[in-house]
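What follows draws every value from the coordinates through simple rules; no lab data is involved. From a predicted model like this one, the values you see are computed outputs, not experimental measurements. When we count neighbours, we look across all protein chains shown, and the Cβ atoms used for this are built from the backbone with ideal geometry, even at glycine.
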Amino acid sequence: MYRYAEIDEQKRVRTVAELSGEVELPNMILLGPEDDVNLGDIYEDGVWTPAPLSEPPEQPSGPTMGERIATLQDENADLKARLADVELIMAEILTGGGE
């Protein structure tokens, strides 16, 4: 088996493959048993450089989870109060109250 790294135009590893035969393409680099190559690693002048660490994703702006929970609790309390009012009105209608 022949182990190859396929590199893109920026010399970054796109894939690592085990092939049944030799390949002679400029973007296919034959790997030795000592080569520990991963996706994104860079091949330049016969030397492998590990892929740069990616930046952590930007945190979304807006209310925090605690603020969202507080808002939802307030909305829930408001809905409960409105439901209680509707239940009182329905009870008056069903019992003929207020006439």
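Can you show me the helix-derived [θ] at 222 nm for the chain, built from DSSP H runs with n ≥ 4 at -39,500 (n - 2.57) apiece and divided by the number of residues, rounded to the nearest 500. Don't jump to the answer; show the numbers that get you there.
Values: 1 runs with 31 residues, N = 99.
Only helices count here, giving -11500 deg cm²/dmol.
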Taking a temperature of 25 °C and a viscosity of 0.890 mPa s, what whole-number D in µm²/s does Stokes-Einstein yield for the chain with Rh from Kirkwood over alpha carbon pairs? 125
³J(HN,Hα), Karplus 6.51/-1.76/1.60, whole Hz, each residue of region 66-81, x for Gly, Pro: x, 5, 5, 4, 4, 4, 5, 5, 5, 4, 5, 4, 4, 5, 4, 5
Let me spell out the model: positive unit charges on the Cβ of Lys and Arg, negative unit charges on the Cβ of Asp and Glu, origin at the Cα centre of the chain. What dipole size does that give, in debye rounded to 20? 160
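Taking the convex hull of the alpha carbon atoms in region 48-99, what volume per residue do you get, in Å³?
Values: hull volume 5.0 nm³, N = 52.
Hull volume over Cα atoms, normalised by residue count, gives 96 Å³.
Students often check this: by mean Cβ neighbours within 10 Å, which of 11-19, 57-65 ranks highest, and how do the rest follow? Don't jump to the answer; show the numbers that get you there.
Numbers: 11-19: 14.0, 57-65: 6.9.
The peptides rank, most packed first, as 11-19, 57-65.
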Quick one: net charge around VAL13, please, counting Lys, Arg +1 and Asp, Glu -1 for every other residue with C-beta under 15 Å from its C-beta. -4
